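Working notes, structure below.
The values are calculated or read from the model by the stated rules, or taken from the named source; none is laboratory data. A quick note: this is a predicted structure, and the numbers were derived from the prediction, not measured. Here Cβ is always computed from backbone atoms with ideal geometry, including for glycine, and neighbour counts include all displayed protein chains. Remember, those area values only see protein heavy atoms, side chains included, never the ligands or the DNA or RNA. Shrake-Rupley method; radii C 1.70, N 1.55, O 1.52, S 1.80 Å.
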Amino acid sequence: MSLIPAWLYIILVLFSGLVGIIVTLITTAVRQSNRDKYEVFLEFMQHRNKITGEEFVGNLNKLYVVFRNDSEVTEALLRFLDGVTHENPGNEEMNRRLLKIYSAMCKNLRIKKLEDHVFLRPFSAKN
């Protein structure tokens, strides 16, 4: 009475297992990528009060790697880098460039950003 041959059942079972493995691998990779982005974002927020510090500079290097597929973040980062290394445009322009990086990361991560003046005045025991 079976309309489907046994060999077809075996192929369907193997195929469904293969599909399950592929879906699991893809979702795991996406989750890990998002986790890495959030970690770098949190470090960026944590060390933003000392942009010349070793932790912040290291975080900028991580940021470039983790957000490499987002052109808005990488362009903002490169503009900031140009300001630090070549242009020396002044504090107001550097703050604008830092805000641009922050805004691009928030957009990528789909999180609501702080108001600009709140972002530029981080909590610090030294203030």
Open item on the list: Run lengths n ≥ 4 of DSSP H only: what is the helix-derived mean residue ellipticity at 222 nm for the chain, with -39500 (n - 2.57) per run over all residues, to the nearest 500?
Closed with: -23500 deg cm²/dmol
TODO: Using DSSP to define loop residues, name the trypsin sites (Lys or Arg not before Pro) in segment 1-52 whose beta-carbon has at most 14 other beta-carbon atoms within 10 Å.
DONE: Lys50
Task: Residue among Gly58, Gly83, Gly20 with the largest mean-square fluctuation in a Gaussian network model of the chain, springs linking Cα atoms under 10 Å - done: Gly20
- [ ] Rounded to the nearest 10 degrees, what's the angle between the helix 91-109 long axis and the longest principal axis of the chain, both from Cα atoms, 0 to 90?
- [x] 10 degrees
Open item on the list: To test your reading of the geometry: what angle, between 0 and 90 degrees and rounded to tens, separates the Cα axis of helix 71-82 from the longest principal axis of the chain?
Closed with: 30 degrees
TODO: Assuming a ≥ b ≥ c are the square roots of the Cα gyration tensor eigenvalues, decide whether segment 1-47 counts as rounded (a/c under 1.5), prolate (otherwise, with a/b larger than b/c) or oblate.
DONE: prolate
Task: Neighbour net charge for Asn108 - beta-carbon separation under 14 angstrom, K R +1, D E -1 - done: +3
TODO: Could you state the accessible area per residue of segment 1-118 in Å², with a 1.4 Å probe and every protein chain left in place?
DONE: 73 Å²
- [ ] Please compute the Cα-Cα pair-distance distribution of the chain with 5 Å bins starting at 0, giving whole percents from short to long.
- [x] 2, 9, 16, 18, 14, 8, 6, 4, 4, 4, 4, 3, 3, 2, 1, 0, 0
- [ ] For the chain, give the percent of accessible area contributed by carbon and sulfur heavy atoms, probe 1.4 Å, rounded to a whole number.
- [x] 60 percent
